[in-house]
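Here's the structure we're looking at; comments come further down.
What follows draws every value from the coordinates through simple rules; no lab data is involved. Since this is a predicted model, take the numbers as computed values, not measurements. No Cβ is skipped: glycine too gets one built from the backbone with ideal geometry, and neighbour counts run over all protein chains shown.
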Amino acid sequence: MRNILNNFGSAKVWVPTRSSEFATILRHEKLVQASLLLGFITMFMVLGLDVQYMLDKLPLLVVTIPLVLVISFCATVLACLLGLIAALSRLSNSPIYYVPAKLYVSLFQGIPLIVLLFILYFGLPHLNPVLLLTPIQAGIIGLALSNGAFLTEVFRSSVLSVPEGQSEAARAIGMSSRQRMWRIILPQAARIALPPTANYYIFILKDSALVGFIGVAELFSTAQSIGQRDFKILEMLLLAGAVYWIITIVLSSIQTKLEQRMETAYSRET
Amino acid sequence: MYSETNQTMSKPMLTIQNLSKSYGEICAVRDVSLKVSKGEVVALCGRSGSGKSTLLRCINYLEIPDRGTIRIGPVSVEAGPMTRQMSQEIRDLRLHSGMVFQAFNLFPHRTVIENVTEGLTVVKDMSKHAAKSAGTRLLEKVGLADKSDVYPNRLSGGQQQRVAIARALAMNPDLLLIDEPTSALDPELIGEVLGVMRNLADDGMTMVVVTHELGFAVEVADRLIYMDDGIILEQGPPDVLIKNPETLSLKKFLGAIATRSQELALI
Amino acid sequence: MRIHLLDQFSLIVRQIPLPVREWAIRLILLTMILLLLLQLGLDVTFMMQWTGFLLSLTPLVVLIALAALALALPLAATLTLGRLSINPIARGSAAMFVSIIRGTPLIIQLFFIFVALPQLASVGPDWIQKLLVLSPTLTAILAIGFFHAAYISELFRAGFLSVQPGQWEAASAIGMSTSQTKRRIIWPQAMKFALRPTTNHFVMMLKDTALVGFLGVPILFQRAERIGSQNLNLFETLLISAVIYWALTAVSLKVIDIIDRRVFSQ
């Protein structure tokens, strides 16, 4: 059994060289995690946490989950659209296209989401009463604008990751740049971009908690209002946090399974 | 010294006039002029950095020359600022030529037959049915008709390169540009690709091949061109050049190849 | 050779050096946006009045972010070592910690620290109470620091694992057994990989400070909001604060880029 040990100061770090070793450590690790969780819960219970209350209010929070999922999904789709357009513009050689794209990315990567949400929902009507958005509209648009800027970079780098030979082969056949982009480059770039994009759905889901501040009755804001009303803020925060955590874990494992399936689909071809 | 007037020059298929290409300070191709007649097979060789690949890639404007004119068949493009018109001319140039790459560059998200017909359906606007039958015929020619519906990453290197050749041929080019077709292949697969190229030459295809396989050059090529430092140092019938190199550069080049094959022979 | 009008135009335009063209387009774009906003009723004089004040609130934002960064980096390193350790307790705890923090929105963690710690402290003796009741600013630094530490530790871990196994073998082949020499080979390589994404997190920390105001002490964003809603000029003040954040992040990215280039292009 060959372990490669490294000492950073006194900490021994271990890089697994055999999968069987890895499996044993993993089992131990899961055990530790489970016991830590139980430890946390008991600690809080000892300190006077009203667990019964939490269980009572759980259904009220669970009810908001579909809304959260839908808002996140719409925002993700819109963000992908924005990201794609911006990425394609960004990749262009002509300044007329890439300068606005760069500006969009810089602007919306630099403005905090909460500020953007407030501008969209509270600020715009102040400017001009015509510009009225519902909380959900403002929420989705804000999430999409902000995350779209980040997705632009993801898409752009995935397009740049496609081997240049592909572009050359397409050009040698006589394809126009539009044909080349849509038939050869983008399909391959999409495959590369899929894992990080799926990750973004989870990021957006967590970001969506901020939408509660502009009036959407979603998970976080519901928890907050119940907690403030009943003076059980801590309980509701823990509850909401736990729900988010579980959703994240579930979505992540679905994503991992899908990625594994796609991996095997390609490796089967080798 | 090889003179082009010696050759019975049928109307040249490819004419390169005063081609120059630099990358910043480095001059890859210096004022090269060249004529290739129809049906002629030209082997282009030289050390790495001699400009041979750059020259080849300038022919179909994958690299943009700084100066010079390229003519393939009826289409001619002169180096200059890129305009919409020039882009169209370049596309025409590419429709008259086909290229085979060292790294094959097959489209991984398309099957073999789809790779071959991609150009036909997309660029030449052929119907799917017509394209498929044309493609199948080409695959038969390179011996891979049975692998039509397979994805490229299931094929060996030699098979992939043969598909790449079929894909280039699908566009019915006047001229085939082949860039080190066997350099990325395991030795036992080189033969099948060279065999296909020999058949093409026998069928009368005009070819310019950048290659290290001097055996192929001797057997198939009508002319060997040796480049160094961006210019053509020597050109002529392959066997003549290899037996009697005139310049020191070519002598050294051949010497290096000879020692390598000697080393292999000793094993 | 006929040259189309459009081609002629683009040829002329291309003569203008690229940076000039870029700036021209940026200027035109921003002017168009400004005109649009003015059309919709933007109150420019109000903005000019209040910009100075809002700018003066900026240093606090930067300070909070820097403090959070100072907290996050060593914490992230510790977490990474924990994640990669042989000791299952260390692995498990670190993994759980990272999982929870990455699986929950920052706002919840922020409120949690703000609310939970005092409540925990109320059970204990007086001195713990004094210790654990934190000002909103301190809470923010803790929350933001912890939050990004979890993400940065993942980056460190990825950087660490991306160092080729060959390096380890080469090092042990040479006979390096001391921790310090291995630290010299593996850690720098891991860091080179992980540094750029890590610096992005500082920029994120700058933006996360906007959430602090919800704890009761108004920071830049909340001050802007209050001023604006009082004067019915909410859009203008929010716009100013948005631009300030944007400027902060843009400048930070530039600075990071410069440092990146100076330090890492040898």
* Asked: In peptide C:78-91, what is the residue-averaged number of other protein chain Cβ atoms found within 10 Å of each Cβ?
  -> 5
* Could you work out the helix-only [θ] at 222 nm for chain C, with each DSSP H run of four or more residues adding -39,500 (n - 2.57) and the total divided by the number of residues, to the nearest 500 deg cm²/dmol? -> -28500 deg cm²/dmol
* Asked: Among the lysines, which have Cα under 19 Å from the Cα of B:K11 when same-chain residues fewer than 8 positions away are ignored?
  -> B:K35, B:K38
* To do: Within 10 Å of each residue's Cβ, count the other Cβ atoms and sort C:F202, B:F104, C:F221 from fewest upward.
  => C:F202, B:F104, C:F221
* Whichever aspartates and glutamates have a C-alpha closer than 14 Å to that of A:K206, once near sequence neighbours (fewer than 8 apart) are set aside -> A:E218, C:D208
* To do: Hey, can you grab everything whose amide H is under 5 Å from the amide H of B:M126? Only 5+ residues off in sequence or another chain; H modelled, so Pro and N-termini drop out.
  => B:T121
* Can you give the average number of partner chain beta-carbon atoms within 10 Å of each beta-carbon in peptide B:162-169, as a whole number? -> 1
* Structure fact -> Neighbour-count ranking for C:L36, A:L58, A:L145 (other C-beta within 10 angstrom, fewest to most) reads C:L36, A:L58, A:L145
* Which residue, A:R178, A:R229, A:R156, tops the fluctuation ranking in a GNM of chain A built on C-alpha contacts under 10 Å? -> A:R178
* **Within the range B:55-187, percent of DSSP bridges classed antiparallel, to nearest 5** => 50
* Asked: In bins 10 Å wide, starting from 0, what share of all Cα pairs of the range B:26-105 does each bin hold, as a percent?
  -> 15, 51, 32, 3
* **Förster radius 41 Å - calculated FRET efficiency between A:T42 and C:V62 (Cβ-Cβ, nearest 0.05)** => 0.50
* Determine the percent antiparallel among the DSSP beta bridges restricted to the protein assembly as shown, to the nearest 5. => 60
* Counting only complete DSSP H runs, which helices of chain A cover 15 Å or more along their long axis at the Cα atoms and score a mean Kyte-Doolittle of -1.0 or above? -> A:19-46, A:51-62, A:65-91, A:95-110, A:135-161, A:186-207, A:219-230, A:233-267
* Asked: Which ³J(HN,Hα) values in Hz, rounded to whole numbers, follow from the phi angles of the range C:67-84 under the Karplus curve 6.51 cos²θ - 1.76 cosθ + 1.60, where θ = phi - 60° and Gly and Pro get x?
  -> 4, 4, 5, 4, 6, 5, 5, x, 4, 4, 4, 4, 4, 4, 4, x, 4, 9
* What fraction, in whole percent, of alpha-carbon pairs in chain B exceed 33 Å separation? -> 21
* To do: Would you tell me the mean number of C-beta atoms belonging to other protein chains that fall within 10 Å of each C-beta in B:80-86, as a whole number?
  => 5
* Asked: Is it possible to state the helix-based mean residue ellipticity at 222 nm for chain A, with each DSSP H run of 4+ residues giving -39500 (n - 2.57), the sum divided by total residues, to the nearest 500 deg cm²/dmol? What is it?
  -> -25000 deg cm²/dmol
* Kindly provide the pair-distance distribution of chain C built from C-alpha pairs, with 10 Å bins from 0 and whole-percent values in order of increasing distance. => 6, 19, 24, 21, 16, 9, 4, 1, 0, 0
* Structure fact -> Partner lysines whose C-alpha sits under 20 Å from that of A:K257, ignoring same-chain residues fewer than 8 away, are A:K30
* Asked: Kirkwood Rh over Cα pairs of the protein assembly as shown into Stokes-Einstein at 37 °C, 0.692 mPa s: D in µm²/s?
  -> 105
* So what is the relative contact order of chain B, in percent, for Cα pairs below 8 Å that sit 6 or more residues apart? -> 25
* Sorted by Cβ density within 10 Å, fewest first, the residues A:T152, A:T248 -> A:T248, A:T152
* Structure fact -> Checking A:L143, A:L60, A:L113 against a Gaussian network model of chain A (alpha-carbon springs below 10 Å), the top fluctuating residue turns out to be A:L60
* Simple label model, 7 Å out from Cα along Cβ direction - B:C27 to A:D50, nm -> 8.8
* Asked: With Rg and the Kirkwood Rh both taken from Cα atoms, where does Rg over Rh land for chain A?
  -> 1.06
* Asked: Label point 7 Å out from B:D229 along Cα-to-Cβ: which residues of the range B:41-62 have amide N under 16 Å?
  -> B:46-52
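Using only alpha carbon pairs under 8 Å that are at least six residues apart, calculate the relative contact order of chain A and give it in whole percent.
Reported as a whole number, the value is 20 percent.
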